[in-house]
Structures are given as structure tokens and as C-alpha cells.
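Contents: one structure, followed by commentary.
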Amino acid sequence: MVKFAVICASNMNRSMEGHYQLKKHGYNIQSFGTGSAVRLPGPSASQPNIYEFGTPYTKIYADLVSQNKALYAKIGLLEMLERNQKVKLAPQRFHDEYNDFDVIFTCEERVFDAVCEELLNRTGMKSKPVHVVNVEIEDNHKEALVGGKTILELARLIAESKNLEQDMDGIIEDVQDRMPNNLLYMLAFY
């Protein structure tokens, strides 16, 4: 079974929608963030809510409800956290994860760059390939749903492949032609 990972900055919205979609369809999936901390909108743009990776989604949910339940319900954070609680315990940071994956999906170019850099820093000692695919997704609930469907379609085609190294370029081209998200692809090594 193909081992997938999906990664965004905070492991809250885009990566969790991808994780949710793939988990719902029975894929072997984990999700992560690449930021230094988990950042969520706050009462103003200059006052974000910041949490450490590993803080349970239930604790983040309770904190936001205690701050301003109406505001965070209105902007969709509570609904997002309810979904996340059904998927896993807490946001995780990719740089602290040393499991090997066959395919890593990222959700924006700067996250793609951070993941590729981290993989290069791990020196490729195992000579095991990992396919890194960026699915460019704007960080809002609506676009996360669309991006999650693109990730699901990529996962379906990848899982059906008999020779991923040979088929990957064609899979990327096919999905790029049919789905709305821009894609980037790089083959890296563990």
C-alpha cells in the first residue's frame, strides 16, 4: 500500500482536508505542518492565535470557544477543528517526523520548498525515492475542499500505478489538465 503524507504550514486546514479525504477512502495517510508553530486567525490580523505543534485539536477548540465562540464559529474555525478531531489527535510538524513516505503532497509552493529542503538535509542515505507533489491551494475552507479532491484524484491514480517512477509524469500531466489546482513535482530521496 502506498504511504502518503500531506503537508501545509500549520496542519490545520489544507493538509487536514487532504488527510480527511484520503482517510475516508481508505488510503495510508498522515499529515503535517512545516511552520515553527500553529497559527490560526485571531480577533484581528495582528492578533493571531498561536499554538505549539502537538497541542490537541480539542484543546485548541476549547480555547477558541472560551475566547469568542461566535467569532470563531462565523469564520469556520470551529467547524474545521471538529473535522480535525475526527481525523487525528493534534497537529504534527514534518521536521520532527522520520517515517518514510512514498508520496508527499504539499499545499503551497513555500511548503513544497521547505519539504524538499528538509529531505535534501536528510542526505538521502537510504536511496529510497519519495515523490513530492505540490497542489497549490489557497488557504480558505472552500479552496481546501477543492484541493482535497485534487489530492484524492492524484492518490487514486498513484495507487493504481504498476510502475510509479515511469507513470508519475503522466499522472501529473493528466491531473493538471483536468483539475483546477496548479501542480509542481520533484523526485527526492530518503
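The values are calculated or read from the model by the stated rules, or taken from the named source; none is laboratory data. Just so it is clear, the structure is predicted and the values come from calculations on it, not from any experiment. Glycine gets a Cβ as well: all are built from the backbone with ideal geometry, and neighbour counts include every protein chain shown. Side chains included, ligands, DNA and RNA excluded: accessible areas come from the protein's heavy atoms. Shrake-Rupley method; radii C 1.70, N 1.55, O 1.52, S 1.80 Å.
Of the candidates Asp113, Asp174, the single residue that is open to solvent by 20 Å² or more (accessible area, probe 1.4 Å), without any contact (Cβ under 8 Å) to a residue 40 or more places away in the chain, closer than 21 Å to Glu17 by Cα and not basic (Lys, Arg) is Asp113. So, in the stretch 34-81, of the ones that are open to solvent by 40 Å² or more (accessible area, probe 1.4 Å) and aliphatic (A, V, I, L, M), which residue ends up nearest to Ala114 (Cα to Cα)? Of everything passing the filter in the stretch 34-81, Ile50 is nearest to Ala114 (Cα to Cα). Does any residue of the stretch 63-77 turn out to be charged (D, E, K, R), within 18 Å of the chain's Cα centre (by Cα) and at negative phi? There is no residue in the stretch 63-77 that is charged (D, E, K, R), within 18 Å of the chain's Cα centre (by Cα) and at negative phi. Looking only at the stretch 82-97, which residues are surrounded by fewer than 23 Cβ atoms within 10 Å (Cβ to Cβ), touching a residue at least 24 places away in the same chain (Cβ under 8 Å) and not aliphatic (A, V, I, L, M)? Answer for the stretch 82-97, where residues must be surrounded by fewer than 23 Cβ atoms within 10 Å (Cβ to Cβ), touching a residue at least 24 places away in the same chain (Cβ under 8 Å) and not aliphatic (A, V, I, L, M): Arg83, Gln85, Lys86, Lys88, Gln92, Arg93, His95, Asp96, Glu97.
Number of residues in the stretch 7-33 that are open to solvent by 40 Å² or more (accessible area, probe 1.4 Å) and out of contact with any helix residue (DSSP H, G or I) (no Cβ under 7 Å at 6 or more places or on another chain): the value is 4.
Yes/no per residue for (1) under 30 Å from Gly76 (Cα atoms); (2) in contact (Cβ under 8 Å) with a residue 60 or more places away in the chain; (3) touching an Asp or Glu at 6+ places or on another chain (Cβ under 7 Å); (4) buried (at least 16 other Cβ atoms within 10 Å of the Cβ):
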position	(1), (2), (3), (4)
Thr123	no, no, no, no
Lys128	no, yes, yes, no
Asn134	yes, no, yes, yes
Ile137	yes, yes, yes, yes
Asn140	yes, yes, no, no
Thr150	yes, no, no, yes
Leu154	yes, no, no, yes
Ala159	no, yes, no, yes
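Note on the stretch 1-109: enclosed helices (runs of 4 or more DSSP H) holding 3 or more residues that are basic (Lys, Arg) are 14-24, 57-74. Report yes if Phe4 is of a type in the set (Phe, Trp, Tyr) and open to solvent by 20 Å² or more (accessible area, probe 1.4 Å), otherwise no. No, not satisfied. The numbered conditions (1) in contact (Cβ under 8 Å) with a residue 12 or more places away in the chain; (2) open to solvent by 40 Å² or more (accessible area, probe 1.4 Å); (3) under 18 Å from Asn11 (Cβ atoms) are all true for Tyr185 except (3). Val146 satisfies every condition listed in (1) touching a helix residue (DSSP H, G or I) at 6+ places or on another chain (Cβ under 6 Å); (2) of a type outside the set (D, E, K, R); (3) open to solvent by 10 Å² or more (accessible area, probe 1.4 Å) except (1).
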